[in-house]
Structures are given as C-alpha cells and as structure tokens.
Amino acid sequence: MAKVQCYNCKKTTPVVAPRYRCKFCNYPLNKYVEQEEEPEEEIIIEKLKQEVPDSVTIHDLYRDHVPEEQKDIEEVLEKLKPDETVQKTVTGPVILKKNLNPEKDGKIIAGWLVVHTEGRLPVTYELFEGANVIGRPDGPHHVDIRVEDDEYVSRIHSIITIKKDYLHRFHYELTDNGKLRRGHPSTNGTYINGRPERLPKNYVVHLRDNDTIQVGTTKLVFKNIDNSDNLESAAHSVIETDFTSTVAIR
C-alpha cells in the first residue's frame, strides 16, 4: 500500500487501487502514484474472455483486437517460404531470406541488401565475404540473393564480391560481366542509383552505403556494416528513405 502527501489537503494518506484517492479529502492521486501495468496483450485477452460468446473462440476475437502492425506480421507469417523468417522492426515487419549456400554458413555478415521496391515487402538478404550471386532461383544453379517473382531477373544476374584489405576492412564490388554465364551479361541489365545506363560488361562498381542496385524491376539497397549495426537498423534506415527512380526495362 502506497502512502503519499495529498496535493490538496497536505495530509499523508494511503492510496489504494483502483480509486487512487485521498482518504481524507477524496482528491484523485492516480497521477502521483506508480501503478503496476499489466502487459497490453494480457489485458486484451482478459477483456476478450469476458466478451466471448460460446460459439466464438478467443483466437477469432484476438485477431480483431490486436494492433494493425501485429496483424500485418501475422499475415506475413502465413505466406512465408521455408527459407524465410520475419523480424519485427520499428517500421514494421521485415522478411529475412536465409542464404542456403553451405560455404557461407558460420561466416561473419559483411552487409545487407534490402528490397526497396514500391508495393513490395522489405525482404532483406545477408552478404558475406566472397562472391554473392544475385539471380532467379528456378533451376539447379546456385544463387545467394534469390530474387523471386521478377521475370526480368536472369537466373544468374550479377555478383557482389566482398574482399578484405590488409586492415581487415570490407570492400564491395558489383559486376554484371557474365562470369558464370559463359561470358554473357544478364539479359535485362543491372542499374545503379536509377541511372538509365546499364552496367557495362567490363565495369566494376565499388559499392557505397545506400547505393541502389536494380535487377529486373527489383531495387535492392546496399547497406554496409560500418553504417548499420544489425539487420533491423539496416532495414529501418532503408524503409525511412525515399524510393530511387525505377529504370524502365525495355
């Protein structure tokens, strides 16, 4: 039982939930007493237990009372693929697409790519030291960054190669030179930061934080580990930025 000095009559009074009023003058003191709060979810469920008709389950009504952002996460969870997990961030749910290459297993994350295309969920990919192949995973070939539902992405589209210098700093190089396609670049090209010229075959782009890579109609924002602490901060910083203009695929 808490005791406080009443702000009205100046007497020391016990205050008891749920009224939180002065015993002597009935002055409301709820603003001046620390109150134990039940977790929001427990309050919601307890309320539902009192309202639920016999023919309706708690789960049915719970979905109608949870915050909109929680509903969004539940809808995303229902559509997840086996190689995907969902993480909650301050800007909403973000899908992490797991790299299935056993050679990358156990390696330190060197950066991220975050899908930042209008009308699409912010899928996030982890980047590792070595070659990170971007492409469409509809064949027996290996792809690290698996871009699905984009018919303009080649099966092996482009590559981000990550190397360390003598000071153990990561360097990131993007190429679309057909190295794994018998010398043929991607069919529809790779574009940087909304510029309409496709990346030339013999050209290397040294990626910087926040560069936008477009493959097909999918835009992927590059985030390095120097500017983002983890997947959540990388995704959040991308979601909060404006979209780069999309290059029309001819």
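For Arg155, only one of the following conditions fails: (1) over 24 Å from the mean Cα position of the chain (by Cα); (2) surrounded by fewer than 17 Cβ atoms within 10 Å (Cβ to Cβ). What is its number?
Going through (1) over 24 Å from the mean Cα position of the chain (by Cα); (2) surrounded by fewer than 17 Cβ atoms within 10 Å (Cβ to Cβ) one by one, Arg155 breaks only (2).
Which numbered condition in (1) farther than 16 Å from Val215 by Cβ; (2) part of a loop (DSSP other than H, G, I, E, B); (3) β-branched (Val, Ile, Thr) is the only one that Ile162 fails?
The failed condition is (2).
Could you list, in sequence order, the residues of region 164-189 that are more than 28 Å from Thr217 (Cβ to Cβ) and among the basic types (Lys, Arg)?
Hits for region 164-189 are Lys164, Arg169.
Of everything in region 99-109 that's surrounded by fewer than 21 Cβ atoms within 10 Å (Cβ to Cβ) and in contact (Cβ under 8 Å) with a residue 12 or more places away in the chain, which residue is nearest to Arg208 (Cα to Cα)?
Applying the filter and picking the extreme gives Ile109.
Go through region 126-145 residue by residue and tally those that are over 15 Å from Glu103 (Cβ atoms) and either among the aliphatic types (A, V, I, L, M) or surrounded by fewer than 21 Cβ atoms within 10 Å (Cβ to Cβ) (or both).
Qualifying residue count, region 126-145: 5.
Identify, from the list Val133, Val153, the residue that is within 22 Å of Asp105 (Cβ to Cβ), assigned by TED's automatic domain parsing to the domain that holds Leu113 and at pLDDT 95 or above.
Answer to the check: Val133.
The values are calculated or read from the model by the stated rules, or taken from the named source; none is laboratory data. Fair warning: this is a prediction, and the values are worked out from it, not measured in the lab. Every residue, glycine as well, gets a Cβ built from its backbone with ideal geometry; the counts of neighbours run over all protein chains shown.
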